[in-house]
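For reference, the structure is listed below as structure tokens.
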Amino acid sequence: MRTDKSDSGVFVIPDDAMIIVPMRNVVLFPGMILPLTIGREQSILAAQQAVKTERPVGILLQRDAEIEVPTPDDLCLVGTVANILRYVTLPDNTHVIVCQGLQRFRIAEHLPGYPFPVARVGRIEEPEVTDSQIEARMIQLRERALEVLQYLPQVSQELLGAVKSIGQPAALADLVASVTELKLSDRQRVLETVDLTQRLDVVLDCLLGRLEVLRLSRELDERTKASMDQRQREYLLREQLKSIQKELGEGETGNSIEMEALRKAIADAEMPEEVATQANKELKRLERMSDGSGEYSMVRAYLDWLVELPWKAPEPDRIEIAEARRILNADHFGLDQVKKRIIEFLAVRKLNPSGHGPILCFVGPPGVGKTSLGQSIARALGRKFVRASLGGVHDEAEIRGHRRTYIGALPGNIIQAIRKAGSRGCVMMLDEIDKLGASIQGDPSAALLEVLDPEQNDTFRDNYLALPYDLSRMLFITTANVLDNIPGPLRDRMEIIQLPGYTQEEKLEIARRYLVGRQITQNGLKEGQIEFSQAALQAIIRDYTREAGVRSLEREIGAVCRRAAVEIAEGAIKSMTVDEGDLARILGPGKYDNEVALRTGLAGVATGLAWTPVGGDILFIEASRTAGDGKLILTGQLGDVMKESAQAALTLVKTRAASLGIDAGSFDRSNVHVHVPAGAIPKDGPSAGVAMFIALASLFVDRPVRNDTAMTGEISLRGLVLPVGGIKDKVLAAMRAGIQRVLLPARNRRDLAEVPAEAKDRLEFVFLENVDDAVRHAMPL
């Protein structure tokens with residue numbers, strides 16, 4: 001067919017034809033006014049053509065809403081003739097036409113050649129027949145329609161009034177079909193039904209089905225709302241869907257499979273009776289919940305924790321003492337006393353597997369191998385090893401867990417570590433137990449009392465689980481740097497095993513056996529590409545590190561390996577042999593000097609020995625005097641106890657002025673200044689009393705103290721030398737610093753049993769009963 005355009009640019013359409021606007025999901029009934037959104041190009045052209053020519057359009061439903069460009073076969077045959085009352089283009093370029101339905105029509109023939117659908121149609125006149133059958137159906141339809149509208153939300157009074165007042169059966173049927181939210185297919189069926197009796201029957205039939213659904217929905221809605229609070233109203237639709245499926249007997253297949261898997265996991269976990277009862281109770285609660293509710297995820301997470309925790313009794317330990325000794329010797333050099341105690345511990349475990357052994361607590365400076373000892377014990381027992389760091393923990397819930405009422409609640413670190421290990425008989429290391437802190441959230445050290453007590457921990461209750469859990473088959477090992485920070489009741493539950501610092505010879509052997517090979521591997525080198533001479537390792541230990549452990553030593557060895565890796569990667573060398581002379585080029589100048597040598601021949605300077613959390617150290621007591629009126633000046637960030645030691649030392653020097661050959665009047669004519677480097681580090685304690693006395697005596701008699709001698713000990717005003725602690729660490733520090741003689745209180749003689757044999761061989765020990773012994777050995781004539 002030929003398509004013509006007029007001079008105004010509109011298409012010429014025959015008088016018996018009509019412009020068709022296909023709609024995806026809308027059925028327009030005669031007498032109804034609806035806004036219709038159009039977006040397809042052909043629909044926009046069709047509407048614009050109708051507006052320009054002031055012609056009505058045919059609103060026609062397409063059979064498949066997914067088709068973008070419908071063909072004549074994709075369109076229904078019956079539609080509604082409509083006038084376009086208004087054409088609006090919104091700011092977002094959406095086109096809207098407001099249409100008023102006039103009457104039904106039927107497609108007679110589609111006309112090709114137009115950029116939009118055009119068809120010859122036959123208009124369908126509404127029947128005017130009215131009889132008792134139609135009136136009866138009309139009355140019933142009005143009643144059912146009013147009942148349906150009562151269930152629909154936001155129904156206006158005007159609409160209710162219109163339904164009540166309409167007297168024409170055809171108009172009532174069309175209005176009810178339009179406003180009662182029937183299915184799209186049902187609406188089209190009503191539109192295509194011309195016979196009035198049949199049309200009323202079709203609408204009544206659809207309305208009865210709709211009414212039944214709305215009644216059930218209202219009932220389920222009221223039932224669901226009663227079990228939900230304000231925060232869960234967003235899950236209303238999901239609850240309704242689940243209730244409808246339950247009424248229809250349609251279970252949620254995926255959810256049922258999930259519940260069955262949980263039930264099987266609970267049965268396979270071999271839980272104690274109390275735990276299994278609680279788990280099944282929670283599972284029944286979970287089955288009745290919607291998976292979209294907030295409590296569903298909380299209960300599901302709780303059940304996951306219960307089934308993933310190991311409840312089965314662990315396998316018996318396979319302890320071979322010879323193999324355990326081999327593992328300890330392979331993993332650690334030295335530490336003979338510590339290894340001996342661990343072997344004793346394992347032997348008792350082998351002979352009495354069900355007994356409650358002690359809780360071991362390894363105490364020592366950083367880097368001496370406390371954590372790796374725990375790993376070696378786990379290897380010797382054939383158990384899994386887990387580590388829980390307690391450093392900085394200040395909340396009791398970190399140990400016992402949070403109650404499930406809190407959002408994001410979790411079990412404590414103990415239960416979390418057990419799940420990670422997957423065994424109720426693992427070796428658990430509680431690292432840095434001395435760094436626990438109390439706060440307003442509670443004291444975690446108090447919570448550990450139950451965990452570390454073999455008489456109580458078989459019924460340990462985590463707040464999250466709220467069920468007893470048996471910890472008695474676990475082996476707990478703790479580590480600490482300082483004992484003073486551990487509360488007494490907690491310390492009483494543990495057996496303390498002191499780990500001393502290493503001597504230089506031990507560090508050399510550790511470097512050769514372990515550290516060098518490990519750093520070669522970590523830095524991508526191969527065996528033979530780098531070698532360290534013994535002199536180089538000794539120089540690194542002596543000039544670049546000063547520590548009780550070996551961490552700094554390993555870092556310096558790693559720095560040398562990285563330098564070799566750079567040169568090998570650049571192709572400059574193929575291998576490197578590191579000697580003592582190469583260290584200044586690679587690591588820079590030495591970081592530590594022999595401070596004793598720097599003070600040779602200086603009167604008023606004495607070498608003391610101090611204990612720190614990272615091992616022993618040496619410190620220098622420097623005293624000088626100036627003209628004045630007898631004041632004592634103390635500097636170097638000294639604590640109260642150390643200040644009192646200095647005052648006691650000066651008083652003791654004054655009382656022994658005659659025996660020392662000091663002019664008593666010189667004290668009144670001088671101001672005495674005592675300084676303890678380094679000034680930025682706080683210092684305290686009474687053990688520097690002997691060194692302060694010797695420094696002041698040396699200052700006033702003008703006789704230097706031997707620079708190869710270090711001393712420690714508390715003094716009294718009677719001149720007695722009192723015992724102090726930390727002898728082992730102080731002696732090792734003296735040996736590292738190049739000291740040859742150590743002056744110790746006589747009552748500390750028994751502490752030499754803990755000093756390594758190498759230190760005993762290299763150092764000379766002098767035991768002091770009083771300060772006169774100190775003067776005789778530290779300042780010989």
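Just one residue in the set Ala162, Ala173, Ala145, Ala177 is modelled with pLDDT under 85, touching a Leu at 6+ places or on another chain (Cβ under 6 Å) and open to solvent by less than 40 Å² (accessible area, probe 1.4 Å); that residue is Ala173. If you filter segment 425-444 down to residues that are closer than 19 Å to Leu410 by Cα and either outside any strand (DSSP E or B) or without any contact (Cβ under 8 Å) to a residue 24 or more places away in the chain (or both), you find that the one that is most open to solvent (accessible area, probe 1.4 Å) is Gln441. Checking each residue in segment 745-763 for being over 50 Å from the mean Cα position of the chain (by Cα) and under 21 Å from Ala688 (Cβ atoms) picks out Pro745, Ala746, Arg747, Arg749, Leu763. For segment 408-424, taking the residues that are among the hydrophobic types (A, V, I, L, M, F, W, C), farther than 11 Å from Asp462 by Cα and within 15 Å of the chain's Cα centre (by Cα), the one that is surrounded by the most Cβ atoms within 10 Å (Cβ to Cβ) is identified as Ala417. Just to be sure before I move on: is Ile418 assigned to a helix (DSSP H, G or I), among the hydrophobic types (A, V, I, L, M, F, W, C) and more than 20 Å from Ile486 (Cα to Cα) in the structure I sent? For Ile418, the condition - assigned to a helix (DSSP H, G or I), among the hydrophobic types (A, V, I, L, M, F, W, C) and more than 20 Å from Ile486 (Cα to Cα) - is met.
Of all residues in segment 119-148, those that are more than 11 Å from Leu200 (Cβ to Cβ) have Cβ atoms under 8 Å from Cβ atoms of residues that are of a type in the set (Gly, Ala, Ser) and part of a helix (DSSP H, G or I), 6 or more apart or on another chain, in Glu126/Ala170; Pro127/Ala170.
Scanning segment 759-774 for residues that are assigned to a helix (DSSP H, G or I) and open to solvent by less than 40 Å² (accessible area, probe 1.4 Å) yields Ala759, Val771, Asp773, Ala774.
All told, Arg404 falls short of being more than 30 Å from Trp611 (Cβ to Cβ), touching a Lys or Arg at 6+ places or on another chain (Cβ under 8 Å), at pLDDT below 85 and open to solvent by 20 Å² or more (accessible area, probe 1.4 Å).
Exactly one residue out of Val155, Val121 is buried (at least 17 other Cβ atoms within 10 Å of the Cβ) and more than 19 Å from Arg187 (Cα to Cα), and it is Val121. Quick check, is Gly713 open to solvent by less than 30 Å² (accessible area, probe 1.4 Å), of a type outside the set (D, E, K, R) and on the phi > 0 side of the Ramachandran plot? Yes, satisfied.
Residue by residue, here is whether (1) closer than 30 Å to Thr180 by Cα; (2) surrounded by fewer than 18 Cβ atoms within 10 Å (Cβ to Cβ); (3) in contact with a helix residue (DSSP H, G or I) (Cβ under 6 Å, 6 or more places away or on another chain); (4) at pLDDT below 90 holds:
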position: Pro14; (1), (2), (3), (4): no, yes, no, yes
position: Ala17; (1), (2), (3), (4): no, no, no, yes
position: Val27; (1), (2), (3), (4): yes, no, yes, yes
position: Ile44; (1), (2), (3), (4): yes, yes, no, yes
position: Ala47; (1), (2), (3), (4): yes, no, no, yes
position: Lys52; (1), (2), (3), (4): no, yes, no, yes
position: Gly58; (1), (2), (3), (4): yes, no, no, no
position: Glu68; (1), (2), (3), (4): yes, yes, no, yes
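When the residues of segment 62-80 are filtered to those that are of a type in the set (A, V, I, L, M, F, W, C) and assigned to a loop (DSSP other than H, G, I, E, B), the one that is farthest from Tyr114 (Cα to Cα) is Ala65. Scanning segment 733-758 for residues that are outside any helix (DSSP H, G or I) and closer than 21 Å to Ser716 by Cα yields Val742, Leu743, Leu744, Pro745.
The residue of segment 447-463 that is farthest from Ile342 (Cα to Cα), among those that are open to solvent by 10 Å² or more (accessible area, probe 1.4 Å) and not polar (S, T, N, Q), is Arg461. For segment 540-566, the candidate set comprises residues that are closer than 20 Å to Phe333 by Cα, hydrophobic (A, V, I, L, M, F, W, C) and not in a loop (DSSP other than H, G, I, E, B); within that set, the residue that is modelled with the lowest pLDDT is Ile541. Of the residues that make up segment 77-90, is at least one open to solvent by 20 Å² or more (accessible area, probe 1.4 Å), over 17 Å from Asp15 (Cα atoms), touching a helix residue (DSSP H, G or I) at 6+ places or on another chain (Cβ under 6 Å) and not basic (Lys, Arg)? Yes - at least one qualifying residue is present in segment 77-90. Selection of segment 461-484 for residues being among the polar types (S, T, N, Q) and over 24 Å from Lys384 (Cα atoms) yields Asn463, Asn481. Based on this model, can you work out whether Ser297 counts as buried (at least 17 other Cβ atoms within 10 Å of the Cβ) and not basic (Lys, Arg)? So Ser297 does not fit the description; no.
Does Gly738 satisfy the condition of being surrounded by fewer than 24 Cβ atoms within 10 Å (Cβ to Cβ), at positive phi and under 52 Å from the mean Cα position of the chain (by Cα)? The answer is yes for Gly738. Comparison of Ala511, Ala572, Ala539 shows that the only residue that is within 37 Å of the chain's Cα centre (by Cα) and either aliphatic (A, V, I, L, M) or open to solvent by 80 Å² or more (accessible area, probe 1.4 Å) (or both) is Ala511. The residue that is farthest from Ile694 (Cα to Cα), counting only those in segment 613-637 that are out of contact with any Leu (no Cβ under 8 Å at 6 or more places or on another chain) and either among the β-branched types (Val, Ile, Thr) or open to solvent by less than 20 Å² (accessible area, probe 1.4 Å) (or both), is Val614.
Just one of the listed residues (Leu196, Leu204, Leu241) is at pLDDT below 80 and among the hydrophobic types (A, V, I, L, M, F, W, C), and it is Leu241. Scanning segment 520-536 for residues that are buried (at least 22 other Cβ atoms within 10 Å of the Cβ) and in a helix (DSSP H, G or I) turns up just one, Ile520.
Evaluating Phe116 against the criteria (1) touching a Leu at 6+ places or on another chain (Cβ under 7 Å); (2) open to solvent by less than 50 Å² (accessible area, probe 1.4 Å); (3) in a strand (DSSP E or B) leaves one unmet condition, (3).
The set of residues in segment 397-408 that are assigned to a loop (DSSP other than H, G, I, E, B) and in contact (Cβ under 8 Å) with a residue 60 or more places away in the chain comprises Gly401, His402, Arg403, Arg404.
Are there any pairs, at least 6 apart or on different chains, whose C-beta atoms fall under 8 Å, with the first in segment 374-396 and at positive phi and the second open to solvent by 10 Å² or more (accessible area, probe 1.4 Å) and charged (D, E, K, R), and if so, which? Partner pairs satisfying both residue conditions: Gly382/Asp317; Gly382/Arg318; Gly392/Lys435. Among residues of segment 255-279 that are within 22 Å of Ala466 (Cα to Cα), those with a Cβ under 7 angstrom from a residue that is of a type in the set (Gly, Ala, Ser) and surrounded by 16 or more Cβ atoms within 10 Å (Cβ to Cβ), sequence gap 6+ or separate chain, pair up as Ile266/Ala276; Ile266/Ala279; Met271/Ala279.
For segment 277-323, a residue qualifies if it is assigned to a helix (DSSP H, G or I), under 30 Å from Ala380 (Cβ atoms) and among the small types (Gly, Ala, Ser), and exactly one does: Ala322.
The values are calculated or read from the model by the stated rules, or taken from the named source; none is laboratory data. Note that the coordinates shown come from a computational prediction; the quantities given were computed from them, not determined experimentally. Cβ: placed from backbone, ideal geometry, glycine included. Neighbour counts: every protein chain shown. Remember, those area values only see protein heavy atoms, side chains included, never the ligands or the DNA or RNA. Shrake-Rupley method; radii C 1.70, N 1.55, O 1.52, S 1.80 Å.
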